[in-house]
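*Asks:* Here it is, the structure, as structure tokens.
The values are calculated or read from the model by the stated rules, or taken from the named source; none is laboratory data. This one's a predicted model, so the numbers in the text were calculated from it and none came from an experiment. Quick reminder, even Gly has a Cβ in these numbers, built from the backbone with ideal geometry, and neighbours come from all protein chains shown.
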Amino acid sequence: MDVNMDFATSLLEMFEVLDCPFTENIDASYLIQFLLNPSPQRMQLLAWVISCIDNELSETIHNYESKRLNASKLEIDGRVQLLTEISSQHLCICGPKDFDLIRGKAPEKIHLDFWKNILSIATAVRVGGADSINEEFHREESDQENMLRALNADCFSETLNRLPITIERDLQISKKSSKTREAKPNLSLENLSQKIEDLETQLDKEKRRLECILNEYPEHKNVVRNDVLVNQLTCSMHLLLGDLRQLQTTYNQTHDNNLQAYCKRDKVEYGKLGLTIHHLQRKIEAFLKVMDELQGMRTSHESVAVSSTNFAPNQLLKSLNEVNQSISC
């Protein structure tokens, strides 16, 4: 069994997101062996994952489990039939007769794709916060009805807007953001550094100006200065420069802890469109699989056409008949 450990680790992370009690304190290699080998514990795990997707599916499985009297072969086949029906009709991740896939006897690649799809749906529902698939559909349907009702009310009102509602909303948001952008001070790192340099330059300039004034009026050199006021002014300037440097340090820490970590994040989290995205992904994978099969058929046909030039006439006719029989089958 040659399975990529990164893929096995991703499956284990999905189980951790679901807080699965069956996969606690196990490694990724043992998890793959557990998922690919038929066992009653594996059937319990599959039923538990399906129960995490929707409350109605969980209730259906619970009602079936409550009616079971023993673990006979007939009861196990009944559970396989129930889980196959749910996976095919409600989740659309297998065929209506893929009983071997539910039992754990399917090919390795098909089996791993099945577990990846069902765990993706379960984690998407868990991350999205939807308690039920039907509740999510009803919520989306209600939102669409409210939008259509509001659109019709605006269309038949006395005062009409020349622009659609969405464009009007975007224009208002753009105006507010432009005003906020103008009023908001620029707190970039380069701007703060430039302000500190300007203040230091201005301080040196005023110091030189003071020296020039003292040299121009030497009679004031002997005047007793108020050292308290001078010290207060000096302390105030030092505090101001210290606050600016602290603001610069705070900005750097915020950038390193939040913005940089956000830009380098690796884990993908799906929102309310997770189910639709995974359904589209399955369709694309199925299409790519069909294209690979067609490419294989084309390659086989070209190899047969090339090799047929080296055959004798009778042997070529016999080979063509065999190819036609294999294609018809």
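*Asks:* All but one of (1) among the small types (Gly, Ala, Ser); (2) more than 22 Å from the chain's Cα centre (by Cα); (3) surrounded by 15 or more Cβ atoms within 10 Å (Cβ to Cβ) hold for Ser29; which doesn't?
*Replies:* Answer for Ser29: the failing condition is (3).
*Asks:* Show the residue pairs that are 6+ apart or on different chains and have beta-carbon atoms under 6 Å apart, the first residue being within the stretch 66-91 and within 14 Å of Ser39 (Cα to Cα), the second being modelled with pLDDT of 70 or more.
*Replies:* Val80/Phe99; Val80/Ile102; Val80/Arg103
*Asks:* Quick check on this structure: which one of Asp131, Asp98 is over 16 Å from Gln44 (Cα atoms), surrounded by fewer than 19 Cβ atoms within 10 Å (Cβ to Cβ) and modelled with pLDDT of 80 or more? Let's see the steps before the verdict.
*Replies:* Values: Asp131 fails: modelled with pLDDT of 80 or more.
From the options Asp131, Asp98, the qualifying one is Asp98.
*Asks:* Could you list, in sequence order, the residues of the stretch 18-42 that are assigned to a loop (DSSP other than H, G, I, E, B) and within 17 Å of Lys105 (Cα to Cα)? Talk me through it step by step, then tell me what you get.
*Replies:* Within the stretch 18-42, the subset assigned to a loop (DSSP other than H, G, I, E, B) is 18-20, 24-27, 37-39.
Within the stretch 18-42, Asn37, Pro38, Ser39 qualify.
*Asks:* I'd like to check something: does the stretch 45-59 contain any residue that is part of a helix (DSSP H, G or I), among the small types (Gly, Ala, Ser) and exposed (fewer than 13 other Cβ atoms within 10 Å of the Cβ)? Walk me through it before giving the result.
*Replies:* Quick first cut of the stretch 45-59, residues part of a helix (DSSP H, G or I) only: 45-53, 55-59.
Next, from what is left, pick out any that are among the small types (Gly, Ala, Ser): 47, 51, 58.
Those left that are additionally exposed (fewer than 13 other Cβ atoms within 10 Å of the Cβ): none.
No, that holds for no residue.
*Asks:* If you don't mind, another one. Please go through the stretch 14-25 and pick out each residue that is on the phi < 0 side of the Ramachandran plot and loosely packed, with under 13 Cβ neighbours inside 10 Å.
*Replies:* Of everything in the stretch 14-25, those that are on the phi < 0 side of the Ramachandran plot and loosely packed, with under 13 Cβ neighbours inside 10 Å turn out to be Glu16, Pro21, Glu24.
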